[in-house]
Every structure is written in structure tokens, then in C-alpha cells.
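Single-structure report; data block below.
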Amino acid sequence: MLGNLFKKREINPIKHLSFESYLKTFVDIDSEPPKESITVKQKLNQIFSNSFDFSERSFHLPNNRPVYICYFSALISQPQLEESVIKPLLHHFDHVTTSENLGSIITVTKYERVTDWNMAVQSVLDGNILVHIDQLDPVIVFLAEKLDRSPNDPTTEYQVYGAKFSFIEDSRKNVGVMRQFIKDPRLKSKGYDVGVVSNTQVAVLYLEQYCEPKVIQHLDQLIKSYKKEHLLTIGQLTKYISKHPNSIFPQATMSERPDLVAYSLIQGKVVIFLDNSTFCAITPVTLMDLLETSEDHFFLVRWNLLFIRILRISSLFIGTILPALYVALVAFQPELIPTTLTISVAQSRVQIPLPATAEAILMMFALDVLVEASIRLPSFVGQTIGIVGGLVIGTAAVEAGIVSHTMVIVIAFTAIALFTTPSWEFVSSWRIIRYLLVGVSTLLGLYGLTLAVGFLIVHLCKLDSFDKPYMYPLAPFDKYELKRFFLPLR
Amino acid sequence: MMQKRNVQFIILGFFVLFLTGCATDAREIDQRTMILGMGIDITEEEEFIVTLQVPVITPSDGGAISANEFETITGKGPSLWDAISNIEAYTPTVLFFGHLKAVVIGDTLARQGLEDVLDLLDRRAPLANQVYLAIIRSQNEVDEFLNQESRLISLPALYLERFFNADQKLSRSKEVRLFEFRRDTNMVGNAGTLPFAYSDVNIVIEDMALFHKGKLVGEFTGSQAGKSELLKERKLDNMNYTLEIELEGVEVTVSSRVGTTVDIDFEKTNPVKLTLDVSGKAEIVYLSEHDFQTSNEHLRKIEEKIEGKIKSDVEDVVKKAKDLNVEPWLIGHHIWATDYDYFKTLNWDETGWKESDITTTVEVEIEQTGQRGVLEKKKLGR
Amino acid sequence: MEIQSKYKRIGSVELFTFTYCSAVTLGFMFLPYISSEEIRSAWLKVIVAVLPYLLLIFMWKKVVDKHQNRDFFHLFKEMSPKWIFYSVIFYLFASSIYSLLFGTKSLIIIVQTYLMQDTEQWIIGSSFLLVLFLSALYGIHAISRMIVVIFFHEILLVIALISFLFSDEFRWINVPPYFGVDAITFLKSSLSEVTRYGGIIALFAFVPLVKNDVKVFKPITFSILSIMVTYVLICVATLGVFGYDQALTLLSPVTALMQTSTSPTGLFERLDLFFLTVWIISFFKIGLIFIWFTAFLLRLIFPVTPEKQGFHIAIVTSIVLLLTLLTPSITNFDWRYYNMNMLVYALLIPMTILAYLLIRKKQGVGK
């Protein structure tokens, strides 16, 4: 089944010129660059024309041998270039005889002889330095110093106990972080350069013997078959590797917390890091996984964990079904509501011009608008939005007689309940379902709602992420896993 | 795979469009006239009078739920359903029976028979099986009763519901719900009981009406109602007895609370010989002489007195039922279920019950002489 | 290529729930006193009625032991003349369409009576079938998983039933076994109860999907016995609360039973409507099982590739939909024909085939 999917994807045609074909207009990419530094300089100037940050330096050694150095100025460490390359060259110019013995002169950790044009250009783009001493092979000196920062507090996944530490934008460094968490030779990492234009570095991390080898194999094939121009966000990749891309539920999850990632690795999952993204993708995931946080394991008392998990699951149900249930009960089956409550609901609704459905959709929409708005705004404005929105939508709407008290309570509780779920993406999926369920309730009441929930469950049962069923361990039923989820052993 | 999913959504979309406007059952709460209580009676011209009690829904101000005001609407018609549909013309919105709590039935109608009422109530599915039934004493008109405003709870229907739900610790009446009444009248005895209710200043619920074959034939008043309940449920808690008793030459008033169970046995003779073994656990709640020594001997005396009282009460209620030739306590059903062949020889309906030979034995044990204080301790010295 | 085939397996839990859900729905809804003539102690009949099915399962086990093949229909096809095979399968197909039709009609009646009095029957029926169709497209693995996921419904129901045994309204005096009729009448009226277990015929198609290392017959037998226990509970509880005469007149005794209880939590005023949603889900499950089973039978007649199974499901659903719309609504159930047919289809035919397969093998060895 996966194979089919994979085939379909592979025949995606590449519409635009690739990086290689652009290069071909200037040089023969597979051939070795010439030994004359002036030719190399000319060619490179053509290739990198109209790039002001492309820096080069030509000078002559005291024995009059021309040297050509080029790099992108923002990507390298200039003091190191001076200290480790230029200074030694000027001091020991008489030892420069072959490109092989350069190693005993320049004091850098790594350098490599350029074998072809493609490599030369690629390496310069990666932030390395091309050093060409006339009549020798050009070499690449690995002195890239990319713009990065030190790890900060996680900004999206707040926790009480968890480590105050999150990933940064460099996939290699993130892998390094994971090495600190899991010191085991079985922690394997695979690197890829994906995207024809963006050439983004992708790292796949997994624990051998914990992870199913077939998952790795498939992931390997899928990532290699990614032939789009660019890969800038982790979402593009997860959408691509998902087996059911049209489903409303995410089949991978994202995290910026190394502790969660470490925990996932030990559970046998695969983690995908992407350059320029502080989030990594974790796959395969199940519904239960999306309700877990790494912090759950910080609890000293196992019953707390049990309580939290039950709380999340019930909140998920409440947050999804409550508005629809309210609409169904108010409009179709009021006999289900306790009598005194019915009277108070009727009292609160008596001057409301809108039917319950319209009320519900209006409130839910307003709520989602508020959420969206407060995300985009800087935090100080965001808070204002929260307060103003809450006041306006809540009190004013009730007083104006647009919505009823009970509806405000229902929607407010719904919203809060759903946000107990740790995964934001997952919350968004359920938000959409909430609207759909309200729609169905409007048409067919409790009966329709029941059928819709039934269909939803079949859909969830059908889903799988890398063939791991979404509802596992509930279905297929696995009592040990289920017990582990709710009440892990000591 | 993807195409199939698309097809699914297209079909679903079409269907949703198709369905819009078909939701005929969608009626908001405020578009329904919620009926909480229903009163049914019959006039001398054989016309049904139906009174519906509906809460008046006024907008709540700033969250505080205003007091439950209510309105009663009365309609007449040649049949019950006609009377109800006539009422529909008086209300702005559709009548909604889903929250019906209690149906009260007039004395006149009850004497004529409840079949019509029960059939209607049974056939309407939105109506719960658990509505309470009550008979209104002839001193009140049904609509008058439903219009009565209790100072405790304004809606009489809710009053009835709360009264019964609270499982009041009185043994003068017992809630009977629709299905229970149906069930009891379907049993071999064809008899059932319903509570009586009336209003003077307050709403009063006491005594039980006795039905045979759907018709009101008699009533159990006061402690009879309690004893009837004991025989029917084979168990009754919280019967109150206040007795005058002479102990060591002193007239003492004792109040006690007795919880009893009864065991009914029969011997296969003709007419049937029944033994009612009542056993109870009593608790003294009041003793007129504070410092009276409640010795075992005294307790024994009090027990004997209570036993005698219970025995006479039980015999009294049995006699009343025998006089009416109605047996609402499922004794006949018990015999019927245990030994059908024997039951057939009894001719239960005609003579079997009337002529049955009933012995009552009562045994009461005082378990507690006061819940909090040990009031009978003797002082020594000054 | 499949990864991690360990998740694809159907285990004993799935088998248990599948068996349970494939039979229990209609019984749940309408027991006791389904046929028009009834004796008092219906719960006795339910116990008697399970025996033929235990025999059926036993025979099946014997056949599997002999032939070392769990695929009943495959064996049948291999070992019998073509025209017999096709006519039997066609009969089974027609019967399972009939029972689907009957199930849909019962659902319509229940929903219309208790939930939506004013909604037209075709809306209820077609929306049900539409959702069934869409869900059935997801395939048997999703269906069997879904049954496991919402099995807690059934557990909830059984707990509710047990709690009724301890309620105030319940009276043991109504329950004791009572034989007012001779043995023949008793057995005759038990026949209608036999059909209450008929749904397990879908197992013949389901069991071949179970992995070979899973024990099959133990969970099935256990499940059938659980169904029996559930039925007995229903009968005893309704009889105890309502008594014979009233229970006889109820459309859905269990719903009426739930109506008698007031919710202890006060969350829902009327528990019966809450339980109605449980029953709708229950109908949904059995509907899914039978849509799948009927499509499976159709596939035996007109084989297609697995990708095209959707067509068969569509055909089956549209037949049922058409029949539902075209046949008059059943206000008063006449269960007789349905019961008779169910008896032949779910019990006699499979038993005959199994007996034939048992004999057939022996002849083969003899030669």
C-alpha cells in the first residue's frame, strides 16, 4: 500500500531549472576545476554574479605565487580565516608544494581537495572557504560559522517540570543535543539534502533495535523521493510522508523539546530534524501519543499521571462534542436536560433571536478568531485581545441579547477543555470536527450526532501512521500497552 | 485512495445540502410549551377536562433565575386527545410533554376508570414512564389543585416530584409511577394504589386510593396507607408510633419509630391460610419521663405494646381490603407464581381472597433508645 | 509492502467483540417477547436457544481440525458442485440483504418512536445507510477496530442491566421459571429466540482474516455465551420490573426499562434517551458488519480486485436503500417470516454445509 503511494509521488515532474542545469551554463559540473587560479576566479565570478555578499581576496605569496580565496562573508569566521589560513600561508610559503601537504601548513580541523565544480560551488554556498593556490588543486577549508544562537526556553510547549531547553535552527546541532540525552551507539542519524533549490539539510534520528527497520527503510525512500524545489518547513515534509494526507488528523507530531524527543526515541519512534526549523517531527504517532507530554513522566506519583491522562481524554471528548450535544439537546431532545435546567436554559434563550445552531457557530467562530488573532500579535497586545475579546464576546453579547448565558458557558468550557491537549496541530483538527458535528446535530439531532461520532471513530480506526494504527493500543487491543499508557510501571 | 475520499466528501456534501430544511424535529426549547403537570378530570356531561401546568418563561436578568411562575390552561373535549388539542390553540408554541412530571386525576374520573388516561399516556413515546400519578380528592377541582401555589415550591407538579423524590420519611403515602401502576394493575389481583393529594392552604399528599380493574374503589387512610405499603413492598421504614404506657405505676408517653419487614407465607388449604410474619426494629425517639430507667424489662413492655399496635393496624387494613374484595399486595400473585394449579382452585377474584384465613404475628425489637444522649443515667450523691 | 505486520493482525479481543456485536443488537432492542405469541418465562428460551449455535461452532471446529483450513467458503467452493455453491451463496446474499433491510427498518422505528417523531422515515433510513456506506469503505480492519474501541458501550449496558436487578422496582416474584405450556409449545416458541444469535454467521467470513496462531473457537464460544448472559439479563430485568403482562406490550422493553430509572447524577433527565444513542451505535456496528459481510458474499459471486470492493459495498447499500424506500413501513412487526428465514440462513444452511464437509473429507480419505 505504501509502495503505491511512493510510486505516485516519484513521477512528480520538476518544472524548473535545477541547480545543476544552471551551473551547466557556465561550467562542466563534473570536471575538475583548472589549476590556474585566475580561471577559477573568473568562473566563480560569473556564477555568483550580482551577489554583493560574495567576497573574494586575491594576493601573492612572497614567492609571487597568486592565491585566490573566496567565501560568503556572513557565513564564515573571518578571524579564523586570518589566523588559520592566511597567516600560515604567508609564513610558510616555501613549503607549499602540493595540495596534499597543505595540511601541515594551515591550522584548520578539516579541508578537502575540490574534485569538481559542483562540489566547489556547493561548499561555498554551505559557508566554507575556497582556497586556491595557483598551480595546485583548489581546496575547501571548512570554516563555516553559521548564524545560530544558544538554546533558549521552549516558547510554545510550556511545562511545569520539563527541561528549560529547546532546539535551535541547526539540525546538526540539534542532533548533538540528542546525543547528550541518549548516550548510546545505537542512536543513529542519517543526513539528507532535500529540495532542489533550498538544499535543506535533513537529519533522521532513530534508535536502532528500538525502531522498526522497515519504518526507517520507508522513510528513507520517501525522503529521497522528495523532488520539490524547496523544503523550508517541517510541515512540508510531514505532509509528504503522511500516508493519509487528506485526513483531518495529523499523522506526525512536532516538538521543540529535547526531552520529549528523547522519550519518543526510546519508544521506537523516528525523529526528523530540519535546518532552519526549531521544531522536529516525530513519527509514527498514535492518538494516545498526541495526548502525551514528556512532562507526564516527571510525576512522582503514578496516580497523578493516570488522572492527567483521563482528564485529557475526557477533555478531548467534551471539547469536541459539547457544542454539538448542546445544540442537539436544545433543539431536538430537551427532555434529556434536567427540568430545572431546561427552565433556566429556556429563560436565558427566550429573547435570543438566533437559533441555537447559529448561536453556537457564531460563538465558536468568534472564539477561533480570538485565538488566531492573539497568536499573531506580540504578547502584550495578545493579552489585551484576550481580555477585550473575552469581555466583548462574553458579557456584551449576552447583554445585547445575541447569545444566551448557557451558550457562553458551553463554548467557553469547550474551548478551555480542548486546550488541555498538548499538541496544537491536533487541537486544530478537533476544532474543525467541532464545527462539523454542530452541523450534523443541526440537521438530525442526537441521532445524527451519534452517527457522525460513529463515522469519526471508524475514520480514526482506519488511519495509521507508518502502519502503526492510530487508535493503538485501544484497537488493535493491547492490554499491556494500554496499561502502560495510563499507569506505567515503576 | 485519494479519489475515493473525494467522492465520499462530495456525496456527503450533496446529502447535507439535500437535508437542509428537512429538520422538522428541530424545535428550540423556547418554541416549546413545556408541560410540567397535567390534570385530567371528567364532567358530568362526560366531557374530559384537561388542565396543563406550564412554567412562564421570562427572561432572566443578569444571570439570576427568576422564580418559577406558572400558568394553568384548561381545555375540554369529548375525548382526552381532543381536550389536549384544544389547549394547543391557546398556547403560542407547541405542547411538549417531555418534561411532564406528574399527572393528577380527578376523583370523578378515577371512579369511572382510568383506562382511557393510561392508554393515552402509554402510547405517547415522548412521555416518560416515570411520571408520578396522583388522585385529587373530591374536595378540590383538578384545575384548582394545579393552580395552587405552594409557599414552598411554586409549581405543584414540581412539588409532587420533589415530595416523592425526597423519599419523605413519612409512611402515609407512597409514590406511584406510571409504569408501576400499570404493572400492578396487570397482576393477578388487578389492583393498584395511587396517592391522594389535595390542597387547602398547602399542598397535602397523604392516604392512598385503592383501584380495582382501573376503577377507584376505596381508600386507605392514615396508618392504613402505611400498612398497605408494608404488605405490598414487604418492607416499610419509619412508621411512627406514640403510645401511652404504664410502667411501674407511672403513665409514660413513648414515641418510637419502627422499621418493619413482612414475610408472607401460605398453606395450601382451601380457603387459603396466610401467615403474615411482621418483624421490626424500633427506635425510641421520645420518652415523656427523662430520667426514666429504660431497663430491658421496660423495653420488653414497650415492644409488646408496639407489637400489639402494629398487629391491630395490619389486621385493620387487611379487613378493609377484604371488605372491598380487592387485594393490592400481590399476595395472590405470589401464590399464582409459586403454584398455579393450587391457585386455580382458589377462585381468587370472587371468593379466594375474601375467605382467606389470615394470621398475623408481629415481633418488634428495640435497637436504640436514643441516638445521641444516654438520658437514663442515674446520678449518685448530690 | 506492509510495515509492521504485527498491527495488522486480528486478535482474540477483536474476535470476541466482533462476535458479540454481530448478534446482540436486535436482541438488545426487542427482547423479550419478540414474536407475537409468547410464553411467560422468555429467559429460559434464550438459554435453550444458544445450544444449536454451540453445536454449530463445535462442528465448525471439527471441520477446521480435519481440513486444516479456516476459510469456510473456500472449502465449500472447493468441495461442492458449482451450481450448489452459487445458489447457496446467492441465497445467503439475499437473506443477509433481508436482514439488513429488517435491521434498518427496526432502527427507523426506534428512532422515530423515541427521538424524532416528525421526521420522515426516508431521511432517517437514508442517512443511516449513507453513513454505513461511507464507513464500510474503510474496510474490515477499521470496522473491527472500531468495534473494539466502542465496546465499552456494551459493557455499560450490561452494568446498567445488572444494576436493575438491585433496584427497588425489581421483583423476583415475577421471574421464577414457570411452565404454563407443554414442552412442544415451549420448543416451538424457542425457535424464534434461536434467530437472536443468527448474526454470528458473519464470522464465517471474518475468521479467515484472523492470524493462524490465534485461538479462534475459545473467544467465539465465550462470546456467544456472553451474548446469552446478556439476553438472560435483559429478559430477567424487564420481566422483574414490568411483569409479564406489561412487558409483552412494550415495543422496546429495554428502552422502557431505562425510562423507569432516574439518573443518579442528574446529568441527564432521562436515561432512556442517553441509552438510545448507545443503541444507535449498536445498530451502526451491526449494520457495518453486515454490509461488509453482504459485500463479501457478493464478491464470492462476482469476484473483484480488493481496490474495487467499494463498488460491491455501493451495490449492497443501494439495494438496501431502495428496498427500504420502496417497501411499506412496518408499524406492527411481523417477525415470523424473518425468524423462519433467519433460522434457515444462519443455522440450518451452515450446519448442513459443515456436516457435508465433515463427511466429504472422510470419503476422500476412503478413496
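The values are calculated or read from the model by the stated rules, or taken from the named source; none is laboratory data. This one's a predicted model, so the numbers in the text were calculated from it and none came from an experiment. Note that we place each Cβ from the backbone using ideal geometry, even for glycine, and neighbour counts take in every protein chain shown. What goes into the accessible areas is simple: the full protein's heavy atoms, side chains included, and nothing from ligands, DNA or RNA. Shrake-Rupley method; radii C 1.70, N 1.55, O 1.52, S 1.80 Å.
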Given +1 on the Cβ of Lys and Arg, -1 on the Cβ of Asp and Glu, and no further charges, what dipole in debye does chain C carry about its Cα centre, rounded to the nearest 20?
1800 debye
Under 12 Å from A:Lys227, Cα to Cα: aspartates and glutamates that are on another chain or at least 8 residues apart:
A:Glu10, A:Asp193
I'd like the FRET efficiency for C:Leu358 and C:Leu165, computed as 1/(1 + (r/R0)^6) with the beta carbon distance as r and R0 of 56 Å, rounded to 0.05.
0.85
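Give me a single rounded figure for A:467-473: the average over its residues of other chain Cβ atoms within 10 Å of their Cβ.
4
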Cα centroid of the range A:386-416 to Cα centroid of the range A:65-124, whole Å
67 Å
Pulled fully out, how much extra length does the chain show between A:Asn246 and A:Leu90, if you take 0.36 nm times their separation in residues and subtract their Cα-Cα distance?
50.0 nm
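Looking at the square roots a ≥ b ≥ c of the eigenvalues of the Cα gyration tensor of the range C:5-355, which shape do they give, rounded for a/c under 1.5, prolate if a/b is larger than b/c, or oblate?
Details: a/c = 1.59, a/b = 1.36, b/c = 1.17.
Verdict is prolate for the range C:5-355.
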In the protein assembly as shown, carbon and sulfur make up what percent of the accessible area (probe 1.4 Å)?
58 percent
Return the lysines within reach of A:Lys164: Cα separation strictly under 18 angstrom, same-chain partners fewer than 8 residues apart disregarded; answer none if there are no such residues.
A:Lys173
Which of the helices in chain A, when you take each full DSSP H run, stretch at least 24 Å along the axis at their Cα atoms and have an average Kyte-Doolittle score of -1.0 or higher?
A:302-331, A:356-376, A:424-462
With a point put 7 Å past each Cα toward its Cβ, work out how far B:Thr269 is from B:Glu206 in nm, to one decimal.
3.9 nm
Based solely on its DSSP helices, what 222 nm [θ] is calculated for chain C when runs of n ≥ 4 H residues each add -39,500 (n - 2.57) and the sum is averaged over all residues, nearest 500 deg cm²/dmol?
-23500 deg cm²/dmol
Shielding by partners for A:325-331, please: the mean number of other protein chain Cβ atoms within 10 Å of each residue's Cβ.
3
Quickly work out the A:Val388-to-C:Leu55 label distance, labels modelled 7 Å from Cα along the C-beta direction, and quote it in nm with one decimal.
8.0 nm
Determine which lysines satisfy two conditions relative to C:Lys45: a Cα distance under 17 Å, and not lying fewer than 8 residues away in the same chain.
C:Lys188
Model label zone, C:Tyr337; criterion: amide N under 16 Å from point 7 Å along Cα-to-beta-carbon; scope the range C:97-124
C:97-106
Compactness summary of the range C:158-207: radius of gyration and Dmax from Cα atoms, Å, are 16.7, 45
Among the listed pairs A:Lys190/A:Lys483; B:Lys227/B:Lys322; A:Lys239/C:Lys285, which are separated by more than 23 Å between their Cα atoms?
A:Lys190/A:Lys483; A:Lys239/C:Lys285
Theoretical FRET efficiency, 1/(1+(r/R0)^6), r = Cβ-Cβ of B:Trp81 and B:Lys215, R0 35 Å, to 0.05
0.95
Computed FRET efficiency, Cβ-Cβ of A:Tyr480 and A:Lys183, R0 30 Å: what is it to the nearest 0.05?
0.60
When the dipole is taken about the Cα centre of the protein assembly as shown, and only Lys, Arg (+1) and Asp, Glu (-1) are charged at their Cβ, what size is it in debye, to the nearest 20?
5820 debye
Inter-chain shielding metric for A:351-362, i.e. average beta-carbon neighbours from other chains within 10 angstrom, reads 2
What ranking do C:211-217, A:309-315 get when scored by the average of other Cβ atoms within 10 Å per residue, highest first?
A:309-315, C:211-217
Mean Kyte hydropathy of 0.5 or more with a Cα span along the axis of at least 24 Å, helices from DSSP in chain C:
C:12-30, C:42-67, C:82-114, C:217-247, C:271-301, C:309-326, C:349-366
